[in-house]
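Data first, discussion second: the structure below is written as structure tokens.
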């Protein structure tokens, strides 16, 4: 009697374990024979997730019985890890959000569906969107992304501190920034807090293009940031800390946010996504503006969330059409998304009265005509990321801007060469 | 008159007539659930990792067999993508082990001895010293990030009051290492302290009394009674602490982000970066690194084992 008992016990424990591991495979046609169920993945784990949920719920309401969208939200790092594995297993979501600069990399491994025809069917065209971001969704002549929003960096400033020093408007040029910061630096208060880690690379990227420099060659193999323009662009940032001393040294991760929140720094350059956090900060009377001109021509880094259709093992045209319908709906109704602290990519939404009422978003949106996106190439990240380390070292005064960028360029090009070989 | 009494007893040596033919399965039933999870989460991944280390795999395409290429690239090939960063991470990790293991043995030992004196408040202090090890790594890192903030942190606030400049605790060397070591000691000393406490209870009191009678002072009692008595515990603590320090990941990942530059990037951080981070992950290279790390750790543990065992034999 012992063997059957053992077998039964093992079987029982096995079943319990399986029951605990829920299967991710959604039964596509279980709920009603005609309703299409779409799996939608995104990384909006912050408060902006709630705004996206509102739009999705609205869509599900209006399309009851026809299309139902199931959302899965997870931290971005987990999202990208999972993305790699689920596509190769044929279990990818039907529609998801991807950052613009990741699209070439995933498109080059065949994980994304081409959207040219599907976009044309729904009459999505360049004139309706910010043209730079619309164009940036193309890789090797084919479209892979439909832009939802752009999220640039911006200049935040403490209105109270400025008024105290006798200023009523934020600086527009580097010289003005330095001058005002000098007046605002006293005691334990600083004009600006220059971060040494994130988001210093975004500020550097903007400064680089403002000086007429470029980041990476279009083929994604050559580093262009170690040009004389690149060095000058980095030097301007380093000088704020070490030459003009209007910024404290050695700021650690998020240290600059803390200082701005405490009212100890007058200026703060960060992404548009900081708006709602700052709004909640007690006693912080802040304003927003385009970032100052470090160089000669305006240019501002921006990221963008794009909709993509991951490649399925057996593509279902009905589902694809439904997914595109969902995408168009969210884009058309992206004013709710704007409230989360984003700038809608669709022109009509951005030019609406409702959007203009969102003071900060509208201020930051002034930069739309000169937003810069990284060139579309699968090896862009390989070449660019060492520059971020170089920026960090230069801001910590561990290397000169020239040396830092030179070392980064050689490392980056080597990495890109290796990746391109595979 | 002798009375002979014989007692005959039937001793049931085994459970049943059939049992010498079949296994006694009860023990296996007890370990079955754990064995099940052990196989799935430890044994299978280990073999899969060994398999992957001879391939290169970016998760999308099929793994490509490359033989010993990964190991060569990491260990010997100066021109490979990974050589410089791997040895940098390796060196940083070894440095951290050297810096953290001695304090992580000495401090908990001294605290355990203090708590063991059973004076007033020893239970309270034991709780105070142990509680940090109950926190998760994220909590610990956040607490110290706030305290050590270069400009807004509590520590620099008091340093300023004493008249010194802000110390860049998390953004510059050597302070970053100081911060990481202090953070780790604060977090994990409680566990070692408890182990030493248990070991101290096992030392018979009469040995101390005998030593006192022989005229030994506190130091001599420590070196000749306490330390030898703690051999077993010390052995366990040294090996476990070394292994734990080699696995340093959370503290630099959150607090220094591997900075300045790459100076506080540890082996596990680099493995995670290559395996999962960035634009082009390579699970094969990451697995090879993990294998190398595992082999090195085993060697270190064996050396420690031999040293401590050898010393043991000389004590009579």
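The values are calculated or read from the model by the stated rules, or taken from the named source; none is laboratory data. Fair warning: this is a prediction, and the values are worked out from it, not measured in the lab. Every residue, glycine as well, gets a Cβ built from its backbone with ideal geometry; the counts of neighbours run over all protein chains shown.
Here are a few things to note about the model shown:
- The one condition from (1) out of contact with any helix residue (DSSP H, G or I) (no Cβ under 8 Å at 6 or more places or on another chain); (2) within 14 Å of chain B (Cβ to nearest Cβ) that residue A:81 does not meet is (1).
- Of everything in segment B:154-168 that is under 16 Å from residue B:180 (Cα atoms) and facing another protein chain (nearest Cβ under 9 Å), the residue that is surrounded by the fewest Cβ atoms within 10 Å (Cβ to Cβ) is B:167.
- Within the option set A:338, A:322, being buried (at least 17 other Cβ atoms within 10 Å of the Cβ) and either closer than 14 Å to residue A:305 by Cα or without any contact (Cβ under 8 Å) to a residue 40 or more places away in the chain (or both) holds for one residue only, A:338.
- Of the candidates A:104, A:75, the single residue that is modelled with pLDDT of 85 or more, exposed (fewer than 15 other Cβ atoms within 10 Å of the Cβ) and within 14 Å of chain B (Cβ to nearest Cβ) is A:75.
- Looking at segment B:217-316, the helices (runs of 4 or more DSSP H) lying wholly inside it that each contain 2 or more residues that are touching a strand residue (DSSP E or B) at 6+ places or on another chain (Cβ under 8 Å) and within 14 Å of chain A (Cβ to nearest Cβ) sit at B:283-314.
- Counting the residues of segment A:201-231 that are in contact with a strand residue (DSSP E or B) (Cβ under 9 Å, 6 or more places away or on another chain) and within 14 Å of chain B (Cβ to nearest Cβ) gives 2.
- All conditions in (1) in the same structural domain as residue A:281 (by TED's automatic domain parsing); (2) surrounded by 17 or more Cβ atoms within 10 Å (Cβ to Cβ); (3) more than 25 Å from residue A:298 (Cβ to Cβ) hold for residue A:166, with the sole exception of (2).
- Of all residues making up segment A:160-176, the number that are closer than 21 Å to residue A:293 by Cβ and not in a loop (DSSP other than H, G, I, E, B): 5
- When residues of segment A:394-422 are limited to those that are free of Cβ contacts under 8 Å to residues at least 40 places away in the same chain and not in a helix (DSSP H, G or I), the one farthest from the other protein chains (Cβ to nearest Cβ): A:400
- Helices (runs of 4 or more DSSP H) contained entirely in segment A:284-366, each with at least 1 residues that are touching a strand residue (DSSP E or B) at 6+ places or on another chain (Cβ under 6 Å): A:317-332, A:335-339, A:347-350, A:359-365
- All of A:385, A:391 fail the test of being more than 8 Å from every other protein chain (Cβ to nearest Cβ), touching a helix residue (DSSP H, G or I) at 6+ places or on another chain (Cβ under 8 Å) and crowded, with 17+ Cβ neighbours inside 10 Å, apart from A:391.
- Boolean, residue A:177 is touching a strand residue (DSSP E or B) at 6+ places or on another chain (Cβ under 9 Å), over 14 Å from residue A:385 (Cβ atoms) and crowded, with 22+ Cβ neighbours inside 10 Å: yes
- Just so you know, in segment B:30-39 the residues that are surrounded by fewer than 15 Cβ atoms within 10 Å (Cβ to Cβ) and either at the interface with chain A (Cβ under 9 Å from one of its Cβ atoms) or touching a residue at least 40 places away in the same chain (Cβ under 8 Å) (or both) include one that is farthest from residue A:80 (Cα to Cα), and it is B:36.
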